[in-house]
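Please treat every number below as a calculation from the coordinates, not as lab data. In this text the structure is predicted, and so the values were computed from the model without any measurement. Cβ atoms come from the backbone with ideal geometry, glycine included; neighbour counts cover every protein chain shown.
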Amino acid sequence: MSSFKVEAKGQTDKISVEELKRLINKPELVRISEKHTPDQSLAFWILEREMENIELEVGDGIRLKTRGDSPFICSLAKMDAGTVTKCNFAGDEKVGASWTDKVFAAKSKNEQEAKASTQGEGAEEDEWGD
């Protein structure tokens, strides 16, 4: 007998496409983007310099996060077979910055700082034996 249980996690935050359109479509921006937006799609906005490090092809899967209920993208991730390959989820750096690179950079920095410390650093005088 398995001890694995399936329980409801509560109310979902998934919304319909129509609800999403009502939230993010702003009349001033729709007037600009509607001629470039195919049917059954939505227009999102991002600075061109933030897209410089990501190459998107038709059919690529992406994840994005917008600034509040707006069409302005604050983070974008290209999905590759279900895994994130390029993103800026971990900070304000350019799109394309990898969170794994940041983790390894922080780890090596911490290791270097640990090596730089002297023996007994932080120990009180009475903690040292003769």
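Between Asp13 and Asp80, what's the calculated FRET efficiency when r is the beta-carbon distance and R0 is 30 Å? Round to 0.05.
Values: r = 25 Å, r/R0 = 0.83.
For R0 = 30 Å, the calculated efficiency reads 0.75.
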How far apart, in nanometres, would the label points at His36 and Glu57 be if each is projected 7 angstrom from Cα along the Cα-to-Cβ direction?
2.3
What order, most packed first, do the peptides 34-41, 22-29 have when packing is the mean number of other Cβ atoms within 10 Å of each residue?
22-29, 34-41
Rank-order 49-60, 65-76 by packing density, defined as the average count of other C-beta atoms within 10 Å over each peptide's residues, highest first.
65-76, 49-60
